[in-house]
1. Being open to solvent by less than 10 Å² (accessible area, probe 1.4 Å), out of contact with any helix residue (DSSP H, G or I) (no Cβ under 7 Å at 6 or more places or on another chain), modelled with pLDDT of 90 or more and part of a helix (DSSP H, G or I) is true for just one of 269, 274, 298. Which residue is that?
2. When you check residue 194 against the structure, is it over 30 Å from residue 263 (Cβ atoms), at pLDDT below 80, aromatic (Phe, Trp, Tyr) and open to solvent by less than 20 Å² (accessible area, probe 1.4 Å), yes or no?
3. Only residues in the range 111-138 that are within 16 Å of residue 311 (Cα to Cα) and among the charged types (D, E, K, R) count as the first member; pair them with residues that are modelled with pLDDT of 50 or more and open to solvent by 20 Å² or more (accessible area, probe 1.4 Å), Cβ under 7 angstrom, at least 6 apart or cross-chain, and list the lot.
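The values are calculated or read from the model by the stated rules, or taken from the named source; none is laboratory data. Being a predicted model, the structure only gives us computed values, none of them experimental. We place every Cβ from the backbone using ideal geometry, glycine too, and count neighbours over all the protein chains shown. Quick note on the areas: whole protein, heavy atoms, side chains included, nothing else; ligands and nucleic acids left out. Shrake-Rupley method; radii C 1.70, N 1.55, O 1.52, S 1.80 Å.
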Amino acid sequence: MTPPRDASEPRTPAVLVGIDGSEDSERAFRAGLRMAERRGLPLRLVGTFARPVVSDAYAIPLMGEFVETALKETQKMLDGYAAQAEQSGIEVTTHAVEGDPGATLVDESRFAELAVVGKRGRNRFAGRVLGSVSAKLSAHGGCPTLVIPAKWESESAEELLAPSQEHPLGDGMAAEPLTQMEESAPREHSRREFANVAQELNFDSEVVVGVDSSSGQVVDLAAQTAQLLERPLTLVSAAPLNAKGHWYPNTVEHNLELPNLRRPYIENLQKLVLEVGEKFPALSVRWQFFDGSPAGVLSEASRTAELVVIGTRGHGGFAGLLLGSVSQAVLNRSACPVLVVPTSKVEGSRAKLRVGTTRSDA
């Protein structure tokens, strides 16, 4: 087994996986291992533990013993996962360290091709898990971050167990209205049909990427991933076109103006689809535009999609802060794996994502 290596040492870009022994990290490990196998990349397993805060004078002298024991147990856990990976012929390095999991993974991600973490729980309302490991890594990581949620299980092949997404503002709000306004062309591939999923929001077997006015690099990365997975790609853009953002009927004057309001989004989608078609001629690619919040549309898409790809920053229909309202809401509410791309860093070699996963990999 490859011995632990200090994080400051130069290393070959790898698939980074955060491990804490939970079911969440077990899912992340399985996905990360498949990626490393698929692309011939090494695997980097990182485990952390926190030093407890004590004020009792009797307990303070015992802290050294605690840290030593915790370090050994963490390394033992990592060695167990590393042994599984090595049976598949994958090169593995491990790093057990005391510290904050999110901060440690952010630091490690500077050397990674892709970081993979599990998502603890599922929450459909934005802002409920701010400060979580997945949110911190997605916002500040030095490489794309793949977040793996728990699978929805259903005994019925015709109905998804994943519930419809509710309004992102919180409990008690009415279901968020999402209306498809335009699409490029009907799908060429067949999809399963689900009794509790609207057809225009059924992205079965597809890679879905959230598009705004500055999403060229994110779309390019999504196209590379879709090609690797041999899945069709759908570009999705959304904006709430209702007057003043209220959910009541629009005035006649406002309805007459709707074509002008959505024209910039449509023109951007058309341009990006043409660019993807030129770079990836064998890839099936199309677009859809919705009247509704970007977070609501992409979260709803995650119920059926193989993978949702989003950037950390956005403008126009996907405006937000660094891992702002849209990215945070989609991460919190997603039902399928989400690939979060640090949009200020997807350049050079970082723009060539060499790994991918699907809903079935999670």
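1. Details: 274 fails: open to solvent by less than 10 Å² (accessible area, probe 1.4 Å); 298 fails: out of contact with any helix residue (DSSP H, G or I) (no Cβ under 7 Å at 6 or more places or on another chain).
Selected residue: 269, the only one of 269, 274, 298 that is open to solvent by less than 10 Å² (accessible area, probe 1.4 Å), out of contact with any helix residue (DSSP H, G or I) (no Cβ under 7 Å at 6 or more places or on another chain), modelled with pLDDT of 90 or more and part of a helix (DSSP H, G or I).
2. Numbers: over 30 Å from residue 263 (Cβ atoms): yes; at pLDDT below 80: no; aromatic (Phe, Trp, Tyr): yes; open to solvent by less than 20 Å² (accessible area, probe 1.4 Å): yes.
Answer is no for this residue.
3. Close Cβ pairs (under 7 Å, with a partner that is modelled with pLDDT of 50 or more and open to solvent by 20 Å² or more (accessible area, probe 1.4 Å)) amount to 136/106.
Yes/no matrix, rows are residues, columns are (1) charged (D, E, K, R); (2) modelled with pLDDT of 95 or more; (3) buried (at least 19 other Cβ atoms within 10 Å of the Cβ); (4) part of a helix (DSSP H, G or I):
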site	(1), (2), (3), (4)
2	no, no, no, no
20	yes, no, yes, no
45	no, yes, yes, no
52	no, no, no, no
83	no, yes, no, yes
90	no, no, yes, no
